[in-house]
1. Classify region 61-208 as rounded, prolate or oblate, taking a ≥ b ≥ c as the square roots of the eigenvalues of its Cα gyration tensor: rounded when a/c is under 1.5, otherwise prolate if a/b is larger than b/c and oblate if not.
2. Which of 251, 77 has the fewest other C-beta atoms within 10 Å, and how do the rest follow up to the most?
3. Using 0.36 nm per residue, how much length does the chain from residue 319 to residue 66 gain when fully extended, once their Cα-Cα distance is taken away?
4. With a 10 Å Cβ neighbour count serving as the proxy for reagent exposure, in which order, fewest first, do 122, 237 appear?
5. Given bins 5 angstrom wide, list per bin the percent of all Cα-Cα distances in region 109-153, short to long.
6. Neighbour counts of other C-beta atoms within 10 Å: give me 320, 149 arranged from fewest to most.
7. Could you give the distance between the Cα centres of region 287-340 and region 133-173, to the whole Å?
8. Please work out whether region 115-179 counts as rounded, prolate or oblate from its C-alpha gyration tensor, where a ≥ b ≥ c are the square roots of the eigenvalues and a/c under 1.5 means rounded, while otherwise a/b larger than b/c means prolate and anything else oblate?
C-alpha cells in the first residue's frame, strides 16, 4: 500500500471515529439552553431516546404561567433571542407565576445573535441600583421579591430597552443536582478561598454538587464581594458546558438522561420555552463550541450608598446605554471589542 493511500485511509478512519464521538444529544444539550442560553448539538438523537428526554423535560419542568409583564414592551430584535436566567432561593409550588417573594441571587441575560456564531452571557449584579417599575429606585433583586418573574422581566427590559424573549428560573438546589448528574464539574477560580466547609484553590477545582453550590453563592470571602461572585457563577456555567461536551458525557446516554432529569426537577420556564423549541434552538447553535460562550458583567461604576443607607452597586450609565444599543442592533461582539 502506498504511503499516500495509507494516509488517506487513516484520515477517513479518523473522520469516522470523530463522527461516532458526536453523539445522541440534541435534547440534553438543548435543555442547557434554558439555563445558559446555549445549546451545542452534534447529532440527531435516536427517536426513542429523544422521546424519553422529552417526557422527562415535560413531566418535571414547571411552567411559569404569567412570565411576562402586561402593557407595552420593547420590540424583538430580528433573528436574535434574549433569555433571562434567574437563580432563586425558592420555587413555591403554590405560586406558579412566581410572584410571592423570595430572592433572585443570580440574574443573567443570555443573548443569542441572529447568526448563531456565539452566545453572550451577561451577569447583572444583584445589588445594582435601578428603577423598578411601580416601586422607584431599588436594588434589582428587589423586583423578584416584590413582583416575581413578571416584574423582574419588566425591570430588565426597562433597564436595557430590549425584549426578553424567554425566561428560565432554577432554584439553587438545581446547581448541585446538575453538577452531580455530570459526575462533577471543573471550574477555574481566580483566587483561593474557603466557604461553607469547602476549600477552593486558585486555578482549576473539581467540584461535586455541595461544593458547586458553595462556589456560586459565596460573596463574603472576597474583598470585592459580588464582583468575584458573578465571575464564579460564569465560571460554573462554563464548567457545566465543558462537562456536557466532554467525551465521557456525549458517549453516555444514561448520563445525559440523568442530567436532563436532575435539571428539569428544579427548572421553571415560560410557556414558549417548550422542549421542541429548545431542540430547534439547539440545532441552530450546532456550530457553537465551549469557547464561543462569551461572559461579561453589566457595566458598573463602583459601590455606593442609597438615600436610605443601603450598600449598592451603581451602574455606568453611558456604557449601559451603549450596550443597550448593541443588543438592539445585534452587535454585542462589537461592543465587547470596545469594552475589553
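1. Because a/c hits 1.5 or more and a/b exceeds b/c, region 61-208 counts as prolate.
2. Arranged by neighbour count, lowest to highest, 251, 77 become 251, 77.
3. Taking 0.36 nm per residue and subtracting the Cα distance, the gain is 87.9 nm.
4. In order of increasing Cβ crowding within 10 Å: 122, 237.
5. 5, 21, 23, 17, 12, 12, 8, 2
6. So the residues, fewest neighbours to most, are 320, 149.
7. So the two Cα centres are separated by 16 Å.
8. Judged from the Cα gyration tensor, region 115-179 comes out oblate (a/c at least 1.5, b/c at or above a/b).
Only the coordinates and a few stated rules stand behind these numbers; no lab work does. In this text, all values refer to a predicted model and were calculated from it rather than measured experimentally. Methodologically, a virtual Cβ is constructed for each residue, glycine included, from the backbone with ideal geometry; neighbour enumeration extends over all protein chains shown.
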